[in-house]
1. Can you say whether Leu96 is modelled with pLDDT of 95 or more and in a strand (DSSP E or B), as far as the supplied structure shows?
2. Give the number of residues within segment 178-209 that are out of contact with any helix residue (DSSP H, G or I) (no Cβ under 9 Å at 6 or more places or on another chain) and surrounded by fewer than 23 Cβ atoms within 10 Å (Cβ to Cβ).
3. Can you find a residue that is buried (at least 20 other Cβ atoms within 10 Å of the Cβ), in a loop (DSSP other than H, G, I, E, B), modelled with pLDDT of 95 or more and not assigned by TED's automatic domain parsing to the domain that holds Ala640 anywhere in segment 384-395?
4. With the structure loaded, tell me whether Gly86 is outside the structural domain of Asn680 (by TED's automatic domain parsing), farther than 28 Å from Lys282 by Cα, free of Cβ contacts under 8 Å to residues at least 40 places away in the same chain and of a type outside the set (Asp, Glu) or whether it fails that test.
5. Checking Asn314 against (1) of a type in the set (S, T, N, Q); (2) within 30 Å of Pro452 (Cα to Cα); (3) assigned by TED's automatic domain parsing to the domain that holds Arg227, which test does it fail?
6. Quick check on my filter: what residues within segment 642-662 are in contact with a helix residue (DSSP H, G or I) (Cβ under 8 Å, 6 or more places away or on another chain) and over 15 Å from Gly77 (Cβ atoms)?
7. Checking Asn450 against (1) in contact with a Ser or Thr (Cβ under 7 Å, 6 or more places away or on another chain); (2) polar (S, T, N, Q); (3) part of a loop (DSSP other than H, G, I, E, B), which single condition isn't satisfied?
Amino acid sequence: MVKLYDGGVYLVKGADLVPESESEKVRALTGRTAEKAEAKKGTMAYGIIKAHNRADDMEQLRLKFDSMTSHDITYVGIIQTARASGMTEFPLPYVLTNCHNSLCAVGGTINEDDHKFALSAAHKYGGIYVPTNMANIHSYNREAMAGCGRMILGSDSHTRYGALGTLAVGEGGGELAKQLLGRTYDFAYPGVVAVYLTGAPRPGVGPQDVALSIIGAVYKNGYVKNRVMEFVGPGIAKLPIEYRNAIDVMTTETTCWSSIWVTDEVTKGYFVTHGRPEAYKKLDPAEVAWYDGCVYVDLSTVECTIAMPMHPSNTYTIHELQENAEDILHAVQEAANRQLKGVQMDLVSKYRDGGIWVEQGEIAGCSGGTYDNICAAADILRGRSCGNGAFSLNVYPGSMPAYSALLKNGRAFDLVTAGAVMRECFCGPCFGAGDTPANGEFSIRHTTRNFPNREGSKPGEGQLSAVALMDARSIAATAANGGRLTAATDLEVEYTNPAYEYDAGIYAKRVYNGWGKPEPAHELKFGPNIKDWPEMPALTDDLLVKVCSYITDPVTTTDELIPSGETSSYRSNPERLSEFALSRRDPQYVSRSKVLRQAERDRRAGKGLSDEIRAVYAALEKAGLKVDPEGTDIGSTIFANMPGDGSAREQAASCQRVMGASANFAKAYATKRYRSNCINWGMTPFLVQNPEVFELGDYIFVPGLRRAILEKNDDITAYAVKPDGRVTEFKCSVGALTDAERQIITDGCLINYYRNN
């Protein structure tokens, strides 16, 4: 059972939940009257944030982090941004992992070129370099960097180490570049929601089942959006630490800002095992703590759960799906096909002979590839067989120390002899760069996401497979039945829960740790695909943009804004990568935007304006507006109802900017991190409540925009210009912006801002 409280609650002595409407009970439990303002300071999140805040108050935060981390899709762009802005060394520990662009045959030498660039940067600037396939980003940071009371900033959306007492935040690369330049992460103090765990999971119910149950309850209503999820309650003590880690990493899919957990002797044992006992300290809420809401989870009632295509919140219990297979499969199929363009998903055919059949299972990454998950899967498959049919099972341990322990205790042997394939430490199955199923196949995965294309299919080219998220235990149970969907609780299994034996020497032999030892004379190693950022123009007084994509889906993911998968090989080359912008969602976007980008280049070069743009200005003048055609930015823009769900990758915004975009228009932004990415790349994040006033192909003119942003005028008048010359006035706004964000937008991007300041 997952229950959401209406309104705020007090947590008393870490055990008793008291709704605000019954606050008199706090006095009965403590002997004193509840004081909401003081109780807000009683959360674990408040204490950690306060310790890292450099502002004078706790309302508008200016945070400095203890360490940072990036993987090989993002670190080149971040370092290049910081270099262009004047960075000379890393001012805090910065971990560079190589777990995304690890398939070095993709794109020729360019992936390995990025890795060598990172190693040279670790030498030059004093960083920490984790070689290819040594560990995925989050496994390494759990094992080597997390600590109770710390804060870690990562350029991956699943930067979550809350179960280890660490408030970790996934953000776009611009925010990491700010930290490298000694600046702060500026953010309004977030709400804090309690996640109250009670009871204990039944055997066979795994952390993904718990996580999906929570996501299914809170995602659609935005219950925890941009808030901190603070895990409390007696149920925590019943969970092993890796179980907690695997729940915690999935909090990203709720759209929360970060997470933190109560710590205890189990947490302490993790740090002792990993040779870092000093990283532990007890974290608890104060005697009385106030929360803006509460997610109540009775772990004993959680069932084996599946998230059907195409979102982690599209949840059913496996038994519910089995009992209503034809209806649910048809409903999910129809919903997916309304969202997809040019290709049709077929799930109904997966139901036959009284069962639901899948062709592939994946246990991988920061959520699935934990030691405990893989051991549980091995217990289920020991002495059984995956069969020699269409079904295949691939297992990716999260780190080489975990892989070593699985080899040593025989669990890897159990899996391999059952027909599973043990893979390297690689995040590919999470973002569409590893084990892509065949066209039309159905894959079940203990990974983080099942968004469109996350499995590597290309709907625009007629290629489509379907992905559902499940726990490793039920995936192993399905494997034991040759691909027939099976809940782990339906099998009799003796779970052995072997202790983890960590070998620190594996990292000591291969990881380069240059923190605090920069070598300024060390030369950066560039490959032919590593390019500098192109020049970005500052914002002019007025703005003219053409709507080059108009997306009416309820939510648009970052994967749709810039595809994952093989495109990641070009992430060190801004111009090349920008060619992929929206390519799987709106294939014509790039060609439309290029016309506007060239128009702006021509204007700046004094070559004059095209007939179309001259006609737009003529229509504006006819409507009585004063225009300055030779002194106005010309760019492209997109409209989406709610863009930016999912990944933190900055390229979702930077590719639009490189392609000539100057703005986004939206009813709302799905995540803070995507909106921040737009700002850091000089794109104005407009909010508009009546987007029907413009459509694809229309121009939007925003006079006085630069002044409005700098003078904090959020009542902005814009004009939509139709191809036939009709002009329609409408209102828009930019929402809350810090002074620095206003200057970044008007300077044209973060790089320009630092050059100018």
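The values are calculated or read from the model by the stated rules, or taken from the named source; none is laboratory data. Please read these numbers as outputs of a predicted model, since none were measured by experiment. Note: ideal-geometry Cβ built from the backbone for every residue, glycine included; neighbour counts use all protein chains shown.
1. Values: modelled with pLDDT of 95 or more: yes; in a strand (DSSP E or B): yes.
Answer is yes for this residue.
2. 3
3. Checked against the condition, which is being buried (at least 20 other Cβ atoms within 10 Å of the Cβ), in a loop (DSSP other than H, G, I, E, B), modelled with pLDDT of 95 or more and not assigned by TED's automatic domain parsing to the domain that holds Ala640, segment 384-395 yields at least one hit.
4. Values: outside the structural domain of Asn680 (by TED's automatic domain parsing): yes; farther than 28 Å from Lys282 by Cα: yes; free of Cβ contacts under 8 Å to residues at least 40 places away in the same chain: no; of a type outside the set (Asp, Glu): yes.
No, not satisfied.
5. (3)
6. The answer is Pro643, Gly644, Asp645, Gly646, Met659, Gly660, Ala661.
7. Only one criterion is unmet by Asn450, namely (1).
Quick grid of which residues meet (1) assigned by TED's automatic domain parsing to the domain that holds Phe271; (2) crowded, with 24+ Cβ neighbours inside 10 Å; (3) part of a helix (DSSP H, G or I):
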position	(1), (2), (3)
Asn101	no, yes, no
Gly108	no, no, no
Ala118	no, yes, yes
Asn133	no, no, no
Asn141	no, yes, yes
Ala146	no, yes, no
